[in-house]
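**Student:** To start, I am sharing the structure in question, which I have written as structure tokens.
The values are calculated or read from the model by the stated rules, or taken from the named source; none is laboratory data. Please read all numbers here as calculations on a predicted model, not as lab measurements. Neighbour counts run over all protein chains shown; Cβ positions are idealised from the backbone, glycine included. Please note that ligands, DNA and RNA were not included when accessible areas were found on the heavy atoms of the full protein model with its side chains. Shrake-Rupley method; radii C 1.70, N 1.55, O 1.52, S 1.80 Å.
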Amino acid sequence: ARTPDRVVEMPNGVDTEAFSPGPDAAGTRAALGIPEDAVVAAFVATLDRAHHFKRLDLAIEALARATDDRLHLVVAGGGELLEGYRSRAVAAGVGNRVHLIGSVPHSRLPDVLRAADLMLLTTEPPESFGIVLIEAMACGLPVVATEYPGVRAVVDPGANGALVPSGDVGAVAAALRSMVEIGDAGRRRLGESGRQTA
């Protein structure tokens, strides 16, 4: 077998014109009844058994453990597990702060991301990379993401977001609290760096 002389790495691409920073022009937050002073984390995933590794259950538990009523979670995605997650959020005491909006066409995803203050990605292997991570960064959102090789390639802790160990609810809760504590200016700084990365 012939060995190639060079290896060319092609990074994941994203349309940085469609996915760009901007105001919540679609009025998503108001439509969901989210208070103006809330800090909104976006979560995007197919909510079916085949995508169990997206770990929305962990995201919901982390939101509850973060014990900050300003934190809200907007979940874009449909599937047969959606109502089960709604019940889980109620049982965790955060039913009024977890907004499951169902399946969203890809063309409307920038509107959902622009309604958020950060992106939360709690996925675990076998997923190698979540393209929505780059889409969120292109929209100027800081990210809280599970640490694994594909994510480490784009998330620089302290520069454009935070990395958390796989399956660690406490670490996710702490990272969410930190995103609230750094305020709008801190999140904007991280988001601008993420936009450059994207």
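**Student:** Condition (residue is in a helix (DSSP H, G or I), of a type in the set (G, A, S) and open to solvent by less than 10 Å² (accessible area, probe 1.4 Å)) applied to region 50-63: is it met by at least one residue? Spell out the reasoning first.
**Tutor:** Step one: of region 50-63, the residues in a helix (DSSP H, G or I) are 50-54, 56-63.
Pick out the ones that are also of a type in the set (G, A, S) and you get 50, 59, 62.
With the extra rule that they be open to solvent by less than 10 Å² (accessible area, probe 1.4 Å), the set shrinks to 59, 62.
The answer is yes, given that some residue of region 50-63 is in a helix (DSSP H, G or I), of a type in the set (G, A, S) and open to solvent by less than 10 Å² (accessible area, probe 1.4 Å).
**Student:** Could you say which residue among S128, S166, S178 is open to solvent by 20 Å² or more (accessible area, probe 1.4 Å), of a type in the set (S, T, N, Q) and modelled with pLDDT of 95 or more? Talk me through it step by step, then tell me what you get.
**Tutor:** On the way: S128 fails: modelled with pLDDT of 95 or more; S166 fails: modelled with pLDDT of 95 or more.
The match here is S178.
**Student:** Picking from A173, A145, A162, which residue would you name as being closer than 23 Å to A64 by Cα and without any contact (Cβ under 8 Å) to a residue 24 or more places away in the chain?
**Tutor:** On the way: A173 fails: without any contact (Cβ under 8 Å) to a residue 24 or more places away in the chain; A145 fails: without any contact (Cβ under 8 Å) to a residue 24 or more places away in the chain.
Being closer than 23 Å to A64 by Cα and without any contact (Cβ under 8 Å) to a residue 24 or more places away in the chain holds for just one of A173, A145, A162, which is A162.
**Student:** Filter region 109-125 down to residues that are of a type in the set (D, E, K, R) and farther than 23 Å from A50 by Cβ and give me whichever is least open to solvent (accessible area, probe 1.4 Å).
**Tutor:** The selected residue is D117.
**Student:** Of all residues in region 65-81, count the ones that are touching a residue at least 60 places away in the same chain (Cβ under 8 Å) and open to solvent by less than 30 Å² (accessible area, probe 1.4 Å).
**Tutor:** Final tally of qualifying residues: 3.
**Student:** Still on this structure, I have one more. State all residues of region 82-106 that are within 26 Å of S20 (Cα to Cα) and either aliphatic (A, V, I, L, M) or in contact (Cβ under 8 Å) with a residue 60 or more places away in the chain (or both); if no residue qualifies, say none. Spell out how you get there, then give the answer.
**Tutor:** In the first step, residues of region 82-106 are kept if they are within 26 Å of S20 (Cα to Cα); the result is 97-106.
Listed by number, the residues that qualify are V98, H99, L100, I101, V104.
Table: residues versus (1) at pLDDT 95 or above; (2) assigned to a helix (DSSP H, G or I); (3) surrounded by 15 or more Cβ atoms within 10 Å (Cβ to Cβ).
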| residue | (1), (2), (3) |
| --- | --- |
| V144 | yes, no, yes |
| G150 | no, yes, yes |
| V154 | no, no, yes |
| A159 | no, no, no |
| A171 | yes, yes, yes |
| A174 | yes, yes, yes |
| A185 | yes, yes, no |
